[in-house]
Amino acid sequence: MRSRLLPPEFSGRLHDARTATSIGRWLGLAFAVCFLTGLISHVLQHPPGWLDGDLPSRPTWGYRLTQGLHVASGIAAVPLLPAKLWTVYPRLFSWPAVRSVRHALERLSVAVLVAAAVLEVATGLMNTAQWYPWPFPFVPVHYALAWLVAGSVLLHIAVKAPEIRAHWSRRSPGTLALPEEDGPDRRSLLAAVTAAVGAVTVTTVGQSFTPLKGFTLLAPRHPDHGPNGLPVNRTAAAAGVGLIASDRYRLTVVGPRACALTLDELRGLPQYEAELPIACVEGWSKSAHWTGVRVVDLLDLAGAPRHARVRVVSLQTRGDYRISEMGHEYARDPLTLLALRLNGEELTPDHGYPVRLIAPNRPGVLQTKWVGRLEVLS
Amino acid sequence: MRTGVTRWLTGAAGLVLAGVGAYRLLGVDDLTGVLIWLGGAVVLHDVLIAPLVLLIGSVLVRGGVRGPVRGALLVGGALTAVALPVLLRPGKPANPSVLPLDYPRNWLVTLVAVAVVSALVPVVRRIGRSRRR
């Protein structure tokens, strides 16, 4: 039974396999970068046991680059995904709706791909603005959907391989079989899609790629906004610490030779400087100049064994990430500091006054603020 | 023959990865909520956004300037989509360094820039063509 409206007719001439292939491969590349950088972020935040001690603390800019790419490739998918879906939209109404078991499975896999991809890109974008209107927890769902999208994309590529190959280049047989007069219009459409990717990238990427910060019009963060010239995620008020009195502060180091240090004693230890970025999982990042005590010096003071893991405990009373742990690669890196100063000034409360952790190649949420205790483990 | 094997391996790898995703999804809190939002995403796109885009395209993208007009709509639409969260997020941000910019103003600035560039493209092209003659 066919009504007069269904299936609809499409007069547009670019709903073809060559256009779909051209946009699809860029979207595939964006998804690949997004998935791999997302995996890196996941491993750094939730290290599997077998990898735990061996995560590298270098390069110092590693996480800044991968997480910047993660959010930039996700934002690039915002124009690419709808453009790709536009090229194949008429196939939604192909008739008969189901021709065979194979056809039914193929349509089902495409439905999964579309649903997961749209929701994955949308939730990721909204997370950068810290907006969570959905009823489910963001992190586990975003992570699970990432695998679902990656898998359905691979399956889709395998199913469509002959068509992709036939339309890969301008000289491919499938492309040559398409009407030649559509060529200029197709190139104009592809140029517009490229321009859209460029526009959304330029207006947002400055939140991590600071040379472009002047063009940062639509990003949820700006490198110049924040105390000490650095953006903040959790404030002292939100963490329930307020301003910690310097004369009452003690850093407790738990280890074979346990000790407690006052703020003046910490200032009396050799001070080191490090140029390290805060790189947030939400995509923004900025490099800063830190001054403080090397964690490795404190570990030696406490008589920690060489391969010991270290637990860093915050004085904060509210919020996740009160405790972070690091393997010996991080703990013994000479750039890993318990910082007392930031960009030439004393830390502000929102940046963790009086003492915070700063380590290279590490997500911002693990750079524990308001540090009260270092524990040498095993 | 080799390409056939690669194709099957790619498909199998896809099934494994998607299986991992589905398995992880079964373990999250509020699976029903996730499924509703997944279905909602498809419905929102297939029933609302895509027909709307096709309608706008069939009305506005025609004639000799179809390229620049389509380009302007596409780039402006993409910028708007990316701006939606920062424009519409309800409630006060967690601290002054979150969403620190004047987003409605910035969004309009980008749209004006898109309109100006798109209007200039045909002019520049015509000048280029007449010079070549």
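The values are calculated or read from the model by the stated rules, or taken from the named source; none is laboratory data. Note that the coordinates shown come from a computational prediction; the quantities given were computed from them, not determined experimentally. A quick note on method: Cβ atoms are made from the backbone with ideal geometry, for glycine too, and the neighbour counts reach across all protein chains shown.
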Considering A:Glu273, A:Glu265, which residue is closer than 30 Å to A:Thr37 by Cα and without any contact (Cβ under 8 Å) to a residue 24 or more places away in the chain? A:Glu273
Based on this model, can you work out whether A:Glu106 counts as among the acidic types (Asp, Glu), over 30 Å from A:Arg306 (Cβ atoms) and surrounded by fewer than 19 Cβ atoms within 10 Å (Cβ to Cβ)? yes
In the stretch B:35-56, residue nearest to the other protein chains (Cβ to nearest Cβ) [restricted to those that are among the β-branched types (Val, Ile, Thr) and farther than 21 Å from B:Gly71 by Cα]: B:Val42
Read through the list (1) buried (at least 22 other Cβ atoms within 10 Å of the Cβ); (2) more than 10 Å from chain B (Cβ to nearest Cβ); (3) under 29 Å from A:Ala331 (Cβ atoms); (4) touching a helix residue (DSSP H, G or I) at 6+ places or on another chain (Cβ under 7 Å), then give the number of the only condition that A:Asn233 fails. (2)
Out of A:Ala111, A:Ala72, A:Ala77, report the one residue that is within 11 Å of chain B (Cβ to nearest Cβ), crowded, with 20+ Cβ neighbours inside 10 Å and assigned to a helix (DSSP H, G or I). A:Ala77
What is the number of the single condition among (1) more than 7 Å from chain A (Cβ to nearest Cβ); (2) touching a residue at least 24 places away in the same chain (Cβ under 8 Å); (3) among the aliphatic types (A, V, I, L, M) that B:Val75 does not meet? (1)
Could you identify the single residue in A:Leu212, A:Leu263 that is closer than 29 Å to B:Gly71 by Cβ, touching a helix residue (DSSP H, G or I) at 6+ places or on another chain (Cβ under 8 Å) and at pLDDT 95 or above? A:Leu212
Every residue in the stretch A:347-378 that is assigned to a strand (DSSP E or B) and modelled with pLDDT of 95 or more, please. A:Arg356, A:Leu357, A:Ile358, A:Pro363, A:Val371, A:Gly372, A:Arg373, A:Leu374, A:Glu375, A:Val376
